[in-house]
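Visitor: Quick one: this structure, given as structure tokens, is what I'll be asking you about.
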Amino acid sequence: MTTAVELVRNAPLAIGGRTFHSRLMVGTGKYRDNDTMRRAIEASGAEIVTVAVRRVDLDRTKAEGILYHLDPKRYFLLANTAGCSTPEDAVRYARLAREAGFNEFVKLEVIGDQETLLPDVQGLLEAAEALVKEGFQILAYTNEDLITALRLEDAGCAAVMPLASPIGSGLGLLNPYHVRLIKRRLRVPVIVDAGVGTASDACVTMEQGVDGILMNTALAAARDPVAMAQAMRLAVEAGRGAYLAGRMPKREVAVPSSPLEGMLD
Amino acid sequence: MKDETIDITVNGKQRAVPRDASLLELLQSLELDPRAVVVEHNRAIVRRPALGRVKVAAGDAVELVHFVGGG
């Protein structure tokens, strides 16, 4: 018998020529303190950890970046272009991120609307095409639209990241059908990014067959981020295991589990 | 004059620096470790080995960035 855990562990995730064992990726934003962040990331079991590119604060006596609290040898740093609303800005941030010298992977975000933080898919495609030409491995944060996802794959993205629901909303997976469709049609990994709020959201998302999940606020804004990180780790493994195990068919009527024969008169 | 200064913009704020200062000297004066920041000089990234060779001129825009927490 193959256990669900074995099923999950026997098939690592390959993105842009690299292999990862954890299908849960986590952000580093909005934690109440660096120690909580460090312990939550550890509990999540994540290997890929996202970071943002920002100005050094020159008014502080000692300008400390995130790397003072996170060992870049232990985690695979995935820089994002969060906050960018034009393809030009996103390309600029991506180049700065690569220059930090860790890897050529970038989580590409081009934001089209400040209220919903929904992606500007036209700008995203433009930036993705430009960055792929420069040798970047692009993980593109997009909406749950199949056509955009296909175009991002055609543009050479290493992975496509449809949202579950808006960034930081915690609304969970709003369009499972569309996410499933994207997963079924793409060859590159599909990583659901943004909107997962709790463990059941993560589990349901993984049950759609996607390759992984990236989350940040669900951990950082939990009452106990470390415990939530552990719950999310289990939920992602459970969802992946259930997907690989193949669920039973749904029926509209009951089918008894116990035999009908041998009933008393 | 030896101690003459020029104005440049660093991370969006005006700052007086010695004339002919290199980017590396700018980082040193700000107590920043060149290995921990990425330097953009007039919109062009300057790689670490070149920081000592590139000098700033009046009106230049310098951006000093690093990684912070993000999702």
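All of the numbers you see were taken from the coordinates with simple rules; none came from a lab. Note that the structure is predicted; figures quoted are calculated from it, not measured. Cβ coordinates were reconstructed from backbone atoms using ideal geometry, including for glycine residues, and neighbour counts include every protein chain displayed.
Visitor: Show the residues, 5+ positions off or on another chain, whose built amide H is closer than 5 Å to the amide H of A:M215.
Guide: Placed amide hydrogens put A:M25, A:V26, A:G27 under 5 Å from A:M215.
Visitor: Further, regarding this structure: Through the Karplus equation 6.51 cos²θ - 1.76 cosθ + 1.60, θ set to phi - 60°, convert the phi angles of the range A:114-126 into ³J(HN,Hα) values in whole Hz; use x for Gly and Pro.
Guide: 6, 6, 9, 6, 6, x, 8, 5, 5, x, 4, 4, 4
Visitor: Just how large is the dipole of the range A:8-141 about the Cα centre, in debye to the nearest 20, putting +1 at every Lys and Arg Cβ and -1 at every Asp and Glu Cβ?
Guide: On the way: 18 positive and 19 negative charges, 131 e Å.
In debye, rounded to 20, the range A:8-141 gives about 620.
Visitor: Mean residue ellipticity at 222 nm from the helices of chain B, using -39,500 (n - 2.57) per DSSP H segment of n ≥ 4 over the full residue count, to the nearest 500 deg cm²/dmol?
Guide: Helices in chain B give a 222 nm mean residue ellipticity of -2500 deg cm²/dmol.
Visitor: Would you work out which of A:S165, A:G135, A:Q208 lies farthest towards the positive end of the dipole of the range A:98-233? Charges go on Cβ: Lys and Arg +1, Asp and Glu -1.
Guide: Value computed over the given set: A:Q208.
Visitor: Partner chain Cβ atoms within 10 Å, averaged over the residues of B:22-31 - can you pull that number for me? Don't jump to the answer; show the numbers that get you there.
Guide: Numbers: counts 0, 0, 0, 0, 0, 1, 0, 0, 3, 4.
Shielding by partners across B:22-31 averages 1.
Visitor: Same structure, new question: Just to confirm a number: summing +1 for Lys and Arg and -1 for Asp and Glu over residues other than A:L139 whose beta-carbon lies under 13 angstrom from that of A:L139, what do you get? Walk me through the intermediate numbers first.
Guide: Working: positive: A:R18, A:K107; negative: A:E104, A:E109, A:E153, A:D193, A:D211.
Within the 13 Å Cβ shell, the charges total -3.
Visitor: Quick one: order A:H178, A:H21 by neighbouring beta-carbon count within 10 Å, fewest to most.
Guide: Details: A:H178 17, A:H21 11.
Least to most surrounded, the residues fall as A:H21, A:H178.
Visitor: Provide, in order from the shortest bin, the percent of all Cα-Cα pairs of the range A:136-192 in each 10 Å bin, continuing until the bin that contains the maximum pair distance.
Guide: Result returned by the calculation: 27, 55, 18, 0.
Visitor: How would you classify the range A:1-151 from its alpha-carbon gyration tensor, with a ≥ b ≥ c the square roots of the eigenvalues: rounded for a/c under 1.5, else prolate if a/b is greater than b/c, otherwise oblate? The partial results should precede the final answer.
Guide: Values: a/c = 1.71, a/b = 1.07, b/c = 1.59.
Here the range A:1-151 falls in the oblate category.
Visitor: Shape of the range B:5-65 from its Cα gyration tensor (a ≥ b ≥ c, root eigenvalues): rounded if a/c is under 1.5, otherwise prolate when a/b > b/c, or oblate?
Guide: Because its axes are fairly even, with a/c under 1.5, the range B:5-65 counts as rounded.
Visitor: Related question: Distances over 22 Å make up what percent of all Cα-Cα pairs in the range A:173-251?
Guide: Of all Cα-Cα distances in the range A:173-251, 22 percent exceed 22 Å.
Visitor: Let me ask something else about it. Residue by residue through A:80-87, how many Cβ atoms from other chains fall within 10 Å of the Cβ on average?
Guide: What the average comes to for A:80-87 is 1.
Visitor: Still on this model: Give the aspartates and glutamates whose C-alpha is closer than 17 Å to that of B:K55, dropping any in the same chain fewer than 8 places away, or say none.
Guide: Output for B:K55: B:D3, B:E4, B:D7, B:D20, B:E25, B:E40, B:E63.
Visitor: With the cut-off at 31 Å, tell me which of the pairs A:K133/A:K183; A:K30/A:K133; A:K183/A:K250; A:K73/A:K133 have Cα atoms farther apart than that.
Guide: A:K30/A:K133, as the Cα separations exceed 31 Å there.
Visitor: Which value, in debye to the nearest 20, gives the size of the charge dipole of the protein assembly as shown about its Cα centre, when Lys and Arg are +1 and Asp and Glu are -1 at the Cβ?
Guide: So the magnitude is around 640 debye.
Visitor: Using a cut-off of 11 Å between beta-carbons, work out the net charge of the residues near B:I45 (Lys and Arg +1, Asp and Glu -1, B:I45 not included). Show your work: numbers first, answer last.
Guide: Working: positive: A:R92, A:R95, A:R98, B:R43, B:R47, B:R48; negative: A:E99, B:E40, B:E63.
Summing Lys/Arg as +1 and Asp/Glu as -1 gives +3.
Visitor: On average over all directions, what projected area in square nanometres does the protein assembly as shown have, based on the convex hull of its Cα atoms? All intermediate terms of the calculation are to be shown ahead of the outcome.
Guide: Values: hull surface 86.8 nm².
Average projection, Cα convex hull of the protein assembly as shown: 21.7 nm².
Visitor: Over all residues in A:97-110, what is the mean tally of Cβ atoms on other chains that come within 10 Å of each residue's Cβ?
Guide: Whole-number average of other-chain Cβ neighbours for A:97-110 is 2.
Visitor: Ordered by packing density, taken as the mean number of other Cβ atoms within 10 Å over each peptide's residues, highest first, how do A:23-32, B:8-17, A:184-193 rank?
Guide: Listed from highest to lowest mean packing, they are A:23-32, A:184-193, B:8-17.
Visitor: Ranking request for peptides A:114-127, B:42-55: highest mean number of other beta-carbon atoms within 10 Å first, then the rest in descending order.
Guide: So the order, starting with the most tightly packed, is A:114-127, B:42-55.
Visitor: Turning to a different aspect of this structure: What are the ³J(HN,Hα) values, in whole Hz, obtained from phi via the Karplus relation 6.51 cos²θ - 1.76 cosθ + 1.60 with θ = phi - 60°, for each residue of the range B:37-53 in sequence order, with x given for Gly and Pro?
Guide: 10, 10, 10, 10, 10, 6, 6, 10, 6, 10, 6, 3, x, 8, 4, x, 8
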